[in-house]
Amino acid sequence: VQLVESGGGLVQAGGSLRLSCAASGRTFDMYAMGWFRQAPGKGREFVAAIPWSANSQYYADSVKGRFTISIDGAKRTVHLQMNSLNPDDTAVYYCALNVRGITTTLEHLYDYWGQGTQVTVAS
């Protein structure tokens, strides 16, 4: 399984970016996808997650109301719409795949990871 993120870049505070992550390789009947991020000098933290059915979404408190996660099951692509960005959102953003259909905030329960995409928010 390969996960490839895209859409990162440099944006001014208050701006928006849309990240995408496409999964390829083996297919799974049930799965969940998540986004995590790692800021310089900090550990990786949960951002958002969504199951293949898209019947629920989970967000970290720090992004709730600003970020929206969505999924295109047919294309096995997950998106993260990020609005009202601020410098604290600067990080490498990683997408992750859980192949057992577990939608979780826990990093260790994800089975596959992308390489990450840099998001930099200038003040």
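What number of residues in region 71-87 are open to solvent by 70 Å² or more (accessible area, probe 1.4 Å) and touching a strand residue (DSSP E or B) at 6+ places or on another chain (Cβ under 8 Å)? Let's see the steps before the verdict.
Quick first cut of region 71-87, residues open to solvent by 70 Å² or more (accessible area, probe 1.4 Å) only: 74-75.
Now restrict to residues that are touching a strand residue (DSSP E or B) at 6+ places or on another chain (Cβ under 8 Å): 75.
Residues in region 71-87 being open to solvent by 70 Å² or more (accessible area, probe 1.4 Å) and touching a strand residue (DSSP E or B) at 6+ places or on another chain (Cβ under 8 Å): 1 in total.
Restrict the check to region 6-19 and report whether at least one residue is farther than 19 Å from Ser84 by Cβ, modelled with pLDDT of 95 or more and surrounded by 16 or more Cβ atoms within 10 Å (Cβ to Cβ). Can you show your working first?
Initially, region 6-19 is screened for residues farther than 19 Å from Ser84 by Cβ, giving 6.
Narrowing the set further to residues that are modelled with pLDDT of 95 or more leaves 6.
Subsequent filtering for residues that are surrounded by 16 or more Cβ atoms within 10 Å (Cβ to Cβ) retains none.
Looking for residues that are farther than 19 Å from Ser84 by Cβ, modelled with pLDDT of 95 or more and surrounded by 16 or more Cβ atoms within 10 Å (Cβ to Cβ), one finds none in region 6-19, hence no.
At pLDDT below 95, of a type outside the set (A, V, I, L, M, F, W, C) and over 14 Å from the mean Cα position of the chain (by Cα): which single residue out of Ser53, Ser84 fits that description?
Working: Ser84 fails: at pLDDT below 95.
Ser53 is the lone residue from the list that is at pLDDT below 95, of a type outside the set (A, V, I, L, M, F, W, C) and over 14 Å from the mean Cα position of the chain (by Cα).
The values are calculated or read from the model by the stated rules, or taken from the named source; none is laboratory data. As the structure is a prediction and not an experimental result, all values here were calculated from the model. Note that we place each Cβ from the backbone using ideal geometry, even for glycine, and neighbour counts take in every protein chain shown. We work out accessible area using only protein heavy atoms, side chains counted, and drop any ligands, DNA or RNA first. Shrake-Rupley method; radii C 1.70, N 1.55, O 1.52, S 1.80 Å.
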